[in-house]
Each structure stands twice: as structure tokens, then as C-alpha cells.
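Peer 1: Quick one: this structure, given as C-alpha cells, is what I'll be asking you about.
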Amino acid sequence: MNIVWLEHVFKEYALGEQSVQALRDISLNVENGAFLAIAGPSGSGKSTLLNLIGCIDTPSRGKIFIEGQDISGQTPDELSELRARTIGFIFQTFNLFPVLSAQENVEYPLLQFRELSGTERRSRVSEYLSIVGLSKFANHRPNQLSGGQRQRVAIARALATQPKIVLADEPTANLDHKTGEGILQLMKDINDSLKTAFIFSTHDRRVMEMANRLVRIEDGEILRQDTGAEGKSETLPKV
């Protein structure tokens, strides 16, 4: 079953009096539990594509479905609610609040879930800090943690809302080789155990090699993507 489905999506931006086409006729489906890498050079459109899937931005043309919901025409409040309950985000710069501890950073997105009591929030925070191996560092602030530990906090924060999809924008870019491999393996283990779909924007070869599916994008178009289980691939002609 597809959790994300894009149908002939275009994205254009106004630059002065000119229009810049960031994405051109993108059609893509993402299955439940996928571990998918969107790869391409800088300026290829991969981050724009991730922003559209994350409901941070909206397409100029085309349709996007998240969990069967057509997000076209939804209000900002509706998109915000969808993001909060369906999508988790991991960034290359961690984006942690420096004045909050690890556990407070993980708890922060849960504060908007009014149905959760304080006890339930703390229990969930403890669970996900344990999953990423940081239980002993719960009271540490970001400046007391290594880069790898801060990224683990970011992963726990993304998972705490129990999303169906986690979007990871270059999550290993600011990490050394060994730490990056450890973070990547952690995300793959979470994908295997929790069946959470991970969608990466990346040019990291390690991410591409570990992904169950690889989509290559250049100049706003999908050039090549695998066809699934056998790992075969097809080249898509440029239009």
C-alpha cells in the first residue's frame, strides 16, 4: 500500500519577473515501510520534493496524496495537523533547542497533542530516548552532546509523535564517516522494527547503498528509479 503518492507534480518559484521551475512532472509512489533515497546534485530539486511531501510547501500543479488524503486545497491549519501526526523531520543541522535538555527537545512536539497527559508524554520520551541509546543523556543540553548524539536526539524527536513517515534531509552531512554510518544503521534498524517509512534527500553514497529504493533526480526531473523488489531499475526519458 502506498503511503505517499505524487501525480504529475510541478513546482515553480517566482524570481523577480522570471519563473524558475524547480520540479517538472514528478510522479512517484512511496510504499508503507519504505527506506527510500532521493539522490541528486545540489539544485536538482530533491529538497523541494521533500518539502512538498512534508506539506511544508504546496505544488504549483499536480496532486499529492498522504495516507490517501489529497492535500490539495487543504488549509494551513489542516496541513499543520497532518504534519504533526503523520510526518517526522530530521535535518542535517539537528535543529535542537539549545536551552532545552535532550528529553525536553524530544517532548516538545508532543505538547500540541492535548490528548496526551504529562505522564504519557514522559513515558513516550523515555521510550524513544532508549531506542536511540540516549537514556543516560536525557538531562544533557545539546552543547553537552556530540554531533552523533545530537542527531540521535533529533531522531528520537522525529519518532516521538509516532509518525508514519520520517523525512531526512541530508542527515549524515555534518557527521564524520564512522558516526554517519552508525546513525544510518540506527535509522535502518528503526525502519525494520517499527515499519516507519524513511525518505531521504541525499548525495551520500552510503545512504544510497543502504536504501531499499533509489530515485535519482536532476534538473527537477526524475531520471531513474528502481522498480522494487528485484532492485532492477529503469531510466526515464527526459521530456
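Rule-based calculations on the coordinates, nothing more; no lab input. Quick caveat: nothing in here was measured; it's all calculated off a predicted structure. No Cβ is skipped: glycine too gets one built from the backbone with ideal geometry, and neighbour counts run over all protein chains shown.
Peer 1: Spelling out what I want: for every residue of segment 4-16, take phi, set θ = phi - 60°, compute 6.51 cos²θ - 1.76 cosθ + 1.60 (Karplus), and round to whole Hz; glycine and proline get x.
Peer 2: Those phi angles translate into 10, 8, 10, 10, 6, 8, 10, 9, 10, 10, 7, 10, x Hz.
Peer 1: Then there is this: Over 27 Å between Cα atoms, which of K11/K195; K46/K188; K136/K178 qualify?
Peer 2: Listed pairs above 27 Å: K11/K195.
Peer 1: Using the Cβ atoms and a cut-off under 12 Å, what net charge is assigned to the surroundings of Y128, where Lys and Arg are +1 and Asp and Glu are -1?
Peer 2: Within the 12 Å Cβ shell, the charges total +3.
Peer 1: Right, something else. To the nearest 0.05, what FRET efficiency results for L194 and Q21 with a Förster distance of 45 Å applied to their C-beta separation?
Peer 2: 0.75
Peer 1: List every DSSP H helix in the chain whose Cα atoms extend 18 Å or more along the helix's own long axis and whose mean Kyte-Doolittle hydropathy is at least -0.5.
Peer 2: Membrane-span-like by this rule: 147-160, 177-194.
Peer 1: Let me ask something else. Need one number: nm distance between label points at E31 and F65, each 7 Å from Cα along Cα→Cβ, rounded to one decimal.
Peer 2: 1.7 nm
Peer 1: Per residue, how much space in cubic angstrom lies within the convex hull of the C-alpha atoms of segment 2-227?
Peer 2: 133 Å³
Peer 1: Then there is this: Can you give the FRET efficiency for L223 and E104, using 1/(1 + (r/R0)^6), R0 = 45 Å, r = Cβ-Cβ distance, to the nearest 0.05?
Peer 2: It comes to 0.55.
Peer 1: Could you compute the FRET efficiency for S130 and H203, with r as their C-beta to C-beta distance and R0 at 25 Å, rounded to 0.05?
Peer 2: 0.20
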